[in-house]
């Protein structure tokens, strides 16, 4: 058998399939049949082993085995759940835990066979490499195409009675055949034509068509048994209405309905009535959850058999990725545009290799612009709003704050009352001083009446003393309401902390900064400071409102460098803000300033940093 395997390994997969199909009429005994069959399967799917299992006494037993000719004999245990899934789904696979030589991603694949010698359930175990997903799927399909060989062999040898094939299995076999044929095509239109023709033939449909999404609409691509069709015809328009109805709902539709689920099927109903169709079924083709195409099957004499719709869904899932890839490859915009441009230039200019010349011309223009073109060179630095006009409001006398009218950040006008000190004690002292003035005045007048000159002068001195104290108290009462000295913003002073707080004379209570007198400081890295001069123009963008920009002008460059922890050596540049001051500006706000220092060559803008670095590293 090694000669058989060696000769078959040099043939294509199609040749091996034909050789396996010839086993339906195999004349040898059962052992020889399984030996040849398993060797063929091993060559077909490039598996190091092929094992035939049969259920006996509720246990899976290996009946026939085939291993590689090179003495490679891996022992693979059959998982019970893998075998059960294969019986339900016709095939199943799972990844092997232990590595195998020559396999990047080894997988155990179990395929259900149609019959065994005793008529019991039987399966086939092989090992496939899933490194190439497309090849992996193709090999599974190949194996499923020959799972009926043992049944045919036993039927011909009359070892087992004939078994009626389940219609569902026949549909599955048809789906696999169609998927294999369609996935072998390398042209989009050819693959679509193959799909609709095969469906029309195998499902006995009067017509099968497919429409593909283009510019938001589903357009007819292929119709069975028609190489050409008139896109503006009425039937194509009605057919595309069916596409759109299915596309909008994203679910398979049929007329007459196959279930009681409510759906909009007016276009399907109208199409059946207009063209005397017994049944029309549309199935969407989805790629990553998005409907890309619609497949429509039409029957004139009778409806589709049970399970046909499910089989069509399975087929659509199998062929959708391949069709989408072909459509994307064949309709790529760049390739079409390049080809059309090349043909146009060939026709107009009658020259050869126009695409190459266009590419060279574009490259030359780009190089010329790179070396001789100029762009505005912009230097960027971190900026902050500053102001030198700040008012410090302190306590005029010892007391307690009774009222605070502003918060930090509030805008105030000149003369606005910002806070008040408690005046109850001052009012009492003023009343007492007034009473003392009256009392000492009367004593002075009484002493004058008795001609007691000394007592009169003493009383008058006390009147002057109390009057002075009263004036001081009244002065403090006038200072109890602290007002804004100018228009500005409160930048320091928390009303929650100030309310009810005792203060001493001279304690700082509030700090007010003038907004209209603010200027800008910009930190410029020392590598860029030599590129611009004073009076350069620029733009400012603050972090609080990055969507707004303000014009600035460089006013002064401070010649002394400073050390910044982040940027290293920097120079501080003062700039005037040309635009009017905004109400939301606050001292200390930061942002980005971009200063235009004139036009520079494009190549210099792109390379001067690298050149400067190399010069600093390699200077001598």
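Structural remarks
- Any hit, segment 575-593, residues being assigned by TED's automatic domain parsing to the domain that holds residue 527 and touching a helix residue (DSSP H, G or I) at 6+ places or on another chain (Cβ under 7 Å): no
- Checking the stated criteria, residue 472 turns out not to satisfy the condition of being part of a loop (DSSP other than H, G, I, E, B), more than 18 Å from residue 575 (Cα to Cα) and at pLDDT 75 or above.
- Among the residues of segment 203-219, the ones that are in contact with a strand residue (DSSP E or B) (Cβ under 6 Å, 6 or more places away or on another chain) and part of a loop (DSSP other than H, G, I, E, B) come to 2 in all.
- Residues being over 23 Å from residue 610 (Cα atoms) and modelled with pLDDT of 85 or more - total across segment 518-543: 11
- Failed criterion for residue 401 (all others in (1) surrounded by fewer than 15 Cβ atoms within 10 Å (Cβ to Cβ); (2) touching a strand residue (DSSP E or B) at 6+ places or on another chain (Cβ under 7 Å); (3) under 30 Å from residue 512 (Cα atoms) hold): (1)
- Qualifying residue in segment 301-313 (condition: more than 42 Å from the chain's Cα centre (by Cα) and modelled with pLDDT of 85 or more): no
Matching residues to (1) assigned to a loop (DSSP other than H, G, I, E, B); (2) within 16 Å of residue 209 (Cα to Cα); (3) outside the structural domain of residue 219 (by TED's automatic domain parsing):
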residue	(1), (2), (3)
242	no, yes, no
246	no, yes, no
257	yes, no, no
267	no, yes, no
273	no, no, no
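- Residue match in segment 159-173 (condition: at pLDDT 75 or above, over 30 Å from residue 222 (Cα atoms) and either out of contact with any helix residue (DSSP H, G or I) (no Cβ under 8 Å at 6 or more places or on another chain) or surrounded by fewer than 18 Cβ atoms within 10 Å (Cβ to Cβ) (or both)): no
Residue-by-condition table, conditions (1) surrounded by fewer than 14 Cβ atoms within 10 Å (Cβ to Cβ); (2) touching a strand residue (DSSP E or B) at 6+ places or on another chain (Cβ under 8 Å); (3) more than 30 Å from residue 476 (Cβ to Cβ):
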residue: 493; (1), (2), (3): no, yes, no
residue: 512; (1), (2), (3): no, yes, no
residue: 519; (1), (2), (3): no, yes, yes
residue: 531; (1), (2), (3): no, yes, yes
residue: 546; (1), (2), (3): yes, yes, yes
residue: 566; (1), (2), (3): yes, no, yes
residue: 577; (1), (2), (3): no, yes, yes
residue: 583; (1), (2), (3): yes, yes, yes
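- Residue check for residue 23: in the same structural domain as residue 103 (by TED's automatic domain parsing), over 50 Å from the mean Cα position of the chain (by Cα), surrounded by 15 or more Cβ atoms within 10 Å (Cβ to Cβ) and modelled with pLDDT under 80: yes
- Taking segment 92-101 as the range and being in contact (Cβ under 8 Å) with a residue 40 or more places away in the chain and out of contact with any helix residue (DSSP H, G or I) (no Cβ under 8 Å at 6 or more places or on another chain) as the test, only 100 passes.
- Positions within segment 533-544 being surrounded by fewer than 13 Cβ atoms within 10 Å (Cβ to Cβ) and either within 20 Å of residue 599 (Cβ to Cβ) or assigned by TED's automatic domain parsing to the domain that holds residue 485 (or both), in sequence order: 533, 534, 535
- Residue 387, sole failed condition from (1) surrounded by 15 or more Cβ atoms within 10 Å (Cβ to Cβ); (2) under 30 Å from residue 571 (Cβ atoms); (3) in contact with a helix residue (DSSP H, G or I) (Cβ under 8 Å, 6 or more places away or on another chain): (3)
- Some residue of segment 501-515 being under 30 Å from residue 378 (Cα atoms), in contact (Cβ under 8 Å) with a residue 40 or more places away in the chain and out of contact with any helix residue (DSSP H, G or I) (no Cβ under 6 Å at 6 or more places or on another chain): yes
- Residues in segment 340-353 that are surrounded by 14 or more Cβ atoms within 10 Å (Cβ to Cβ) and either more than 39 Å from the chain's Cα centre (by Cα) or modelled with pLDDT of 85 or more (or both): 2 in all.
- Qualifying residue in segment 407-425 (condition: surrounded by 13 or more Cβ atoms within 10 Å (Cβ to Cβ), touching a residue at least 60 places away in the same chain (Cβ under 8 Å) and under 18 Å from residue 470 (Cβ atoms)): no
The values are calculated or read from the model by the stated rules, or taken from the named source; none is laboratory data. Predicted, not measured: the structure shown is a model, and the values here were computed from it. Please note: Cβ atoms are built from the backbone with ideal geometry, for glycine as well, and neighbour counts cover all protein chains shown.
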